Each structure stands twice: as structure tokens, then as C-alpha cells.
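The values are calculated or read from the model by the stated rules, or taken from the named source; none is laboratory data. Owing to the predicted nature of the structure, the values given are computational and were not obtained by experimental measurement. Because the Cβ atoms are built from the backbone with ideal geometry, glycine has one as well, and the counts that use them run over all protein chains shown.
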Amino acid sequence: MVTGSPGGLPCPSTKERTTMTDTTDARSHVQRRTLRVLVASQVLSGAGLAAGVTVGALLAQDMLGSTTLAGLPSALFTAGSALTAVAVGRISHARGRRPGLAAGYLAGALGSAGVITAAALDNAVLLFAALFVYGAGTATNLQARYAGADLAAPTHRARAVSTVLVATTIGGVAGPNLAAPAGTLAHWAGLPHLAGLFVLSGTAYALAALVLTLWLRPDPLLLARTLHEREPAPATATDPTLPTPEPRHAPGPLLGGLVMVLTQLVMVAIMTMTPVHMHDHGHGTAASGLVIGIHIGAMYLPSPLTGLLVDRHGRLPLAAASGVTLLAAGIIAATAPGDSIALLALALALLGLGWNFGLVSGTAIVTDAVPLATRAKTQGAIDVSIAIAGATGGLASGVVVGAAGYPVLALAGGVLSLALLPAIAVTRRR
């Protein structure tokens, strides 16, 4: 007598069930360990990436004496992150997540050292070259989210991504608020005040690389490939007489990439010029550090809730919420008085939240759609587009503010974010 399931499909044998159970247990155990190691490295790298956001534009403004080019540092380290996204993606594809992520963080530490040297020598050319290399840390911090999803079950992918992202909050919020004491420490060491945060950044990136090198074992991507090869093939793959399952109509990687690219463009453009806008209205580095700290907190802190919502209610509703939230951020930033720290903090908090919605939902869309065999390369290629969008936003932001003012920049960014809604609506109808 042939046993079967109610639908007529053959039931797995005892050996197959045992194999599947063992595979699931091994995957769960390593996934928990992987997330712990990634969380530790993200706490450190979060502090590292905050330096460029908080004082990079101010450092360039001091050297060049011009607001127009104050967006250039953001454009440069975001462009550098584009190159790194390709490199990290290719290294991860060939050798695993551990060497790819560690190499990216080490490059970020090298870039931080270059910025410190440029500030000490008052050399703008060296500053811009070093900021390009420093961008490696930003790209690597974002690429780490994919490592969190490698071993996660499909119904828990967004939450796994969110766990990695939220860890960045601790370092990302603490980093900008250390601007004043780090500046004092730099002054005692004979360095320019604004170079202090880059001392913190270089140290944090180097430690993040060390944590991954020592403890991200086994490598999650390599193990995911091995476990995938061991899983029993579906019955329909070997028996053509059995019914073929209906294709799953899910958003493709193009939509996921679009969501992340557009949210990155808008977020970087407004965020980059907010410290300059505050500086022009008489606020010091402590005030701008507070606002940027709140912004970075909003970028990462809501991640667990965002991941839960994405897994439970779908990718598209949260992607649409991203566009609406960014519009609200742009409107508040555009209408807030220059002397109102509270309203600027609210605008930057919404800006970070909208970015978070877009990144988590977009990452889940891409991970769902891309096969495991080519996942790392595809993810790296998409992150290149994200980095280029950020570089474009950073470079254009200074030009727009110089020509038309900060309110025009903020409002234009908010309106641009609404372009997500038609693409999401078309996908939902399909």
C-alpha cells in the first residue's frame, strides 16, 4: 500500500523527514549565532558611519569656505560605497560573507585615517580621496543585512534583516552625540576639532572587521548553499505525472531595487544638508549631532516592528508607507523655522523612518526574488545602484541649497518620494 498525502502527493519517507529535521535544526542554531555576531559588528560599524554624516559636510565647508560644495563629501563617500558594494558582493559570492564584510570594514578604517591626515594637513584633495575610501564602511554596514537573511526562513526574512539593522542604532545614535567630546580629544592630540569623530570611526570599523573575522563561523552564505544542496528535491521535480504548483506572483527584484534607490536618494539629500542648514542658523555641532543622532535612531530603531509588519502584511504596503512618510518629512523640514531644533529633529526622524520602511521592504522583495546561487552578486549590484543614488543626492543637495535654499531641497525630496506609489500600484494590480 502506497501512503500519500490528502492531496495525492507522496509523503516524505522517515529518512527524508529526519534529514529535513536535522537540516532545520542546524540552520536555526547557526542563524541565531550569526545574528549575534552581526549585531555586535553592527553596533561598532554604526558608530563608524555616523562620523561622515555628522561632520563630513562641515569639514569640507571649513576647508573650502563654500556651502555649494558642502554636499561633495556625502557624494564622495557614497560613491565610494558603490564601488565597495560591487567588491563586497563579488567577494561574498566567491568566498562567503565573512571575508567580504571584513574587507569592507577595513577599507572604511583606512579611509577614516586618511580623513584625519587630511584635516591635520588642511588638504582638501586628500580629504576628498579619503572620504571616497571611507564610504566602504557605509556600504559594508548595509550589506551585512543580507547576511542576516541567508539562513532565515522566508516567513522570517524581514525580521532577520531588521535584527541586523536595529543593532546599528546603538552606535549610530551614540556616535554623533560624541562629536563634542571627540572634538575635544582631537584638540588635545593636536588635530582639528572636526576630525575627532573620524578617530572614533576608524577604531570602530577596525573592531567590526575583527569581530567578523574571528566569530562569523560558519559562514552563513556558504552554509546556506550547502544546506540547500542537501535538501530533498520536490516530488514534482522528478515525477512529471504530478501536478506542477502554480507560479507564485511576487514582486521582482526591480521593484525592490527601485524602492531602496529612491528612498536612499531622498534621505541622503535632505540629511546631508541639515547640519549645514543648522550651522547657518547659529547651531553648534552638539545640536546638529543631536538631530542626526535622532535621525539615525529612526533609521534603525523601528526595524523589529518594520520587519514584523513586512512579514505579516506583505512587502508592498510598507513600501508604499515609505513614500508617504518621506513626503511628510520633506514638508516638515521645508516649513520648520531654522531656529527650531525640535521641528528639524521631527523631520529627520520621519526621514529616517521612511528610509527604514523602504530598506526593509525592498530588501525582503529582492531576497525573495533572487535564487540563492546568484544572490550575493545580485544584492551587491543592487546596492551599487543604491550607493549611486545616495551619491547623486549628496552632490545635488549642496547645489540645490546654494541656488534655492534648504526648504526647496526638502520639499522637492518629499515630492520625489511619491514616485514609488505608481510603481507599487502597478505591481499590486499584476
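Restricting the stretch 284-307 to residues that are outside any helix (DSSP H, G or I) and of a type outside the set (A, V, I, L, M, F, W, C) leaves a set whose member that is surrounded by the fewest Cβ atoms within 10 Å (Cβ to Cβ) is Gly284.
Screening Leu351 with (1) in contact with a Lys or Arg (Cβ under 7 Å, 6 or more places away or on another chain); (2) under 12 Å from Ala269 (Cβ atoms) gives one miss only, at (1). Among the residues of the stretch 255-266, not a single one is at pLDDT 90 or above, within 22 Å of the chain's Cα centre (by Cα) and farther than 20 Å from Ala319 by Cβ. Look through the stretch 325-360, keep the residues that are free of Cβ contacts under 8 Å to residues at least 12 places away in the same chain and among the hydrophobic types (A, V, I, L, M, F, W, C), and return whichever of them is surrounded by the fewest Cβ atoms within 10 Å (Cβ to Cβ). Taking the candidates together, the pick is Ala342.
Criterion applied to Val310, Val276 was being at pLDDT 90 or above and either part of a helix (DSSP H, G or I) or in contact with a strand residue (DSSP E or B) (Cβ under 9 Å, 6 or more places away or on another chain) (or both), and the one residue passing it is Val310. With respect to being among the small types (Gly, Ala, Ser), farther than 19 Å from Gly46 by Cβ and crowded, with 24+ Cβ neighbours inside 10 Å, Ala139 falls outside the description.
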